[in-house]
1. Given the options E100, E120, E41, which has the most mean-square fluctuation in a GNM of the chain, springs set between C-alpha atoms less than 10 angstrom apart?
2. Of P191, A95, W118, which is farthest towards the positive pole of the chain's charge dipole, taken about the Cα centre with +1 and -1 on the beta-carbons of Lys, Arg and Asp, Glu respectively?
3. What GluC sites (Glu not before Pro) in region 144-214 are in a loop by DSSP, with at most 16 other Cβ atoms within 10 Å of the Cβ?
4. How many nm is it between the label spots at T198 and M1, if each spot is 7 Å from the Cα in line with the beta carbon?
5. I'd like the FRET efficiency for T83 and S162, computed as 1/(1 + (r/R0)^6) with the beta carbon distance as r and R0 of 30 Å, rounded to 0.05.
6. Rounded to the nearest 5, what is the percent of antiparallel bridges among the DSSP beta bridges in the chain?
7. How big is the antiparallel share of DSSP beta bridges in region 2-53, given as a percent to the nearest 5?
8. In what sequence do S84, S164 fall when counting other Cβ within 10 Å, fewest first?
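Only the coordinates and a few stated rules stand behind these numbers; no lab work does. Note that this is a predicted model, so its numbers are computed, not measured. Cβ atoms come from the backbone with ideal geometry, glycine included; neighbour counts cover every protein chain shown.
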Amino acid sequence: MLDLLIRSGEVIDGTGAARCRADVAVAGGRVVEVGGLPGAEARTVIDAAGCIVAPGFVDMHSHGDMTLPALPTADGLVHQGITSIVAGQCGDSLAPLLPEARAQTIAWFHFPSIPVPWDEWSTFGSYLDYLTRLGTSVNVAPLVGHGMIRSGAMGLKDAVASRSELKCMVAEVERALDEGAIGLSTGLIYPPGGYTGTPELVDLTWPVARRGGL
């Protein structure tokens, strides 16, 4: 028996094919068949007549990582049909929090209306571990923010990174990638990203390229 059967919806499958009326069968958390399934039985049956049935949408530019620690059910996203987000955009991510600039960085990213539990993580990996323990209603494809790494390594100053500061930043990018980041985001119209020159960006994106990241 199927776990879920969605009957008689207008299916738009995301492939570019024309919409069609069909049943959608789900078992073991996966779509196993789409089509006319008049004899199928399921533990849960949804009558979707007059409704659109589609795969979950992917929000490619999301700051949901800022709010998920406070609202892991992600109601505003789920109600729009969004089931996956690419987060950590514009050079902003909630990790890593480097010790030397932790307090300053938290103050910079602090929003009084969003109760972020900063004490729960320091590294990018520990942030992802926290989200995993918390459980979220959306899939998260996390980018590490260049602005977060730069502010951690050298504060918010308008300056060219020194050799030691650049070495620290490269190491943090590599560490974040090793711990689960899918790539690096920049925000070159915001501080501190706006203080960055091309050589710094080249050095920081090489580790991403070597790992096939974004």
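1. Residue with maximal mean-square fluctuation among E100, E120, E41: E41.
2. Sorting the options by dipole projection puts first P191.
3. Passing sites in region 144-214 do not exist.
4. 6.6 nm
5. That pair, T83 with S162, gives E of 0.10.
6. 40 percent
7. Working: 11 of 18 bridges.
Percent antiparallel among DSSP bridges in region 2-53 is about 60.
8. Ordered from fewest to most neighbouring Cβ atoms within 10 Å, S84, S164 come out as S164, S84.
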